[in-house]
C-alpha cells in the first residue's frame with residue numbers, strides 16, 4: 001500500500017496494483033480500476049516514485065520468500081531518486097555455504113584415506 005493525502009488533508013492508503021492511471025491537469029488524479037477517482041496533494045512524480053518503491057520492495061520480498069539469494073544493499077531503503085539495485089550472490093553470507101573453491105573440495109577422513 002502507498003500512503004497519499006487528499007486535498008482536504010485526510011491521509012489514506014491505496015493498493016498500487018489497483019491503480020489504472022495517474023493524471024495531472026492541474027491536480028493529480030489517481031484513477032483506480034473500479035472507476036474510483038482520488039484527487040491527491042502529491043505531485044505526479046511523487047506518486048510514480050511511491051509506486052516504483054512499492055513494487056521494488058515487493059519484488060525483493062518475494063525473492064527472499066522464495067528462497068532466492070537476492071540481497072539488497074543496506075542503504076537502499078534511503079534511495080528515492082535512484083534505481084534500486086538488487087545484488088545476486090552465488091553464495092550466502094550466513095556461513096551455510098562455502099565461500100571459495102578451496103572450501104568446496106571434498107573432505108577426506110585421514111583414517112580412511114589411502115595414499
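Computed from the C-beta positions of residue 54 and residue 27 and an R0 of 25 Å, the FRET efficiency is 0.70 to the nearest 0.05. For the pair residue 10/residue 45, report the inter-label distance in nm, with labels modelled 7 Å from Cα in the Cβ direction. Inter-label distance under the simple model: 2.9 nm.
Read-outs throughout are calculated quantities, based only on the coordinates presented, and are distinct from any laboratory measurement. Values in this document were obtained by computation on a predicted structure and should not be read as measured data. Positions of Cβ are generated from backbone atoms using ideal geometry, with glycine treated the same way; all protein chains shown enter the neighbour counts.
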